[in-house]
């Protein structure tokens with residue numbers, strides 16, 4: 001189907017002429033391929049999938065109409081700011097269903113974002129953790145030493161974990177499953193404009209999502225779920241976990 005869009009042969013008396021693919025289309029396709037290989041399947045994993053297959057897979061995940069085309073709804077959703085963790089489906093877990101075995105769970109704050117009061121950041125992160133303790137037996141306790149079950153850090157660019165940040169917009173944060181090496185590490189892109197309101201990026205909303213990963217939850221297809229991969233502002237005063245989130249976390253704890 002892509003041949004009709006991308007390759008059109010015009011017969012002339014003495015030659016074959018191939019029109020140049022518009023740069024905007026090339027850029028959109030390149031962006032999609034990079035996105036798909038970063039968040040769904042690598043080039044090696046998807047080498048036997050056609051571009052149409054990849055588009056339909058992504059559209060199915062995001063519950064879009066499965067056109068197999070890089071249409072406007074698809075372009076819009078892959079351009080939205082999001083979490084840097086790869087996608088799966090429904091409420092989901094990491095392979096082997098790892099979880100934090102300690103209770104209370106300890107957390108530490110390695111550094112702070114620019115432009116936010118430290119006490120405000122501490123309050124936000126505490127409230128984000130309490131969202132998960134409100135529906136499980138888990139308790140959270142802040143510690144002031146480097147090693148803890150969960151570590152919050154604000155980092156920029158290439159910061160040594162093979163998942164570099166890309167500046168303002170796009171990838172906002174990422175977190176690691178509760179397994180050895182990077183257990184419980186939660187990294188926020190320091191170049192974002194973090195806030196407690198609807199200006200910039202709401203730290204509370206992103207922190208709740210990333211704590212979910214640190215506890216063992218993967219991404220969800222449910223757009224009402226805090227574990228949906230794309231960022232969606234919600235007023236912290238009225239925030240509630242979805243049924244999908246509650247079922248998922250209670251399946252682990």
Amide N proximity, segment 152-171 versus residue 31 label position 7 Å along Cα-to-Cβ, cut-off under 12 Å: 170
Degrees between helix 203-215 axis and first principal axis of the chain (Cα, 0 to 90, nearest 10): 90 degrees
Residue 79-residue 199 FRET efficiency (beta carbon distance; Förster radius 22 Å; 0.05 resolution): 0.65
Nearest-ten-degree value, helix 118-133 long axis tilted from longest Cα axis of the chain: 90 degrees
The chain: angle of helix 243-252 to the longest principal axis, Cα-based, in degrees nearest 10: 60 degrees
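Please tell me the relative contact order of the chain in percent, rounded to the nearest whole number, where contacts are Cα pairs under 8 Å and at least six residues apart. Write out the running numbers ahead of the final one.
Numbers: 404 pairs, mean separation 51.5, N = 253.
RCO, the chain: 20 percent.
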Cα→Cβ-extended label distance, 7 Å offset, between residue 65 and residue 117, nm: 4.9 nm
For a label point 7 Å along the Cα-to-beta-carbon line of residue 253, residues of segment 109-124 with backbone N under 20 Å: 109-110, 122-124
Cβ-Cβ FRET estimate between residue 103 and residue 143, R0 fixed at 22 Å, reported to 0.05: 0.95
Inter-site label distance for residue 41 and residue 234 at 7 Å from Cα along Cβ, in nm: 3.1 nm
Of all DSSP beta bridges in the chain, antiparallel share, percent nearest 5: 30 percent
Residue of 98, 229, 137 that the Gaussian network model of the chain assigns the largest fluctuation, springs spanning Cα pairs under 10 Å: 137
DSSP-defined beta bridges in segment 146-219 - what % are antiparallel, rounded to 5: 30 percent
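Okay, helix-only estimate at 222 nm for the chain: each DSSP H run of n ≥ 4 adds -39500 (n - 2.57), divide by all residues, round to 500 deg cm²/dmol; what do you get?
Values: 7 runs with 79 residues, N = 253.
Result for the chain, helices only: -9500 deg cm²/dmol.
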Residue 166 versus residue 49: modelled label distance in nm, points set 7 Å from Cα along the beta carbon direction: 1.7 nm
GNM top mover of 132, 194, 69 - the chain, alpha-carbon springs below 10 Å: 69
Rounded Å value of the spacing that divides the Cα centres of segment 181-209 and segment 96-167: 10 Å
Most fluctuating residue given options 40, 204, 188, as computed from a GNM of the chain linking Cα atoms under 10 Å: 40
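Only the coordinates and a few stated rules stand behind these numbers; no lab work does. Predicted model only: the values in this text are computed from it and were never measured. Cβ sites come from the backbone with ideal geometry, for glycine too, and all protein chains shown count toward neighbours.
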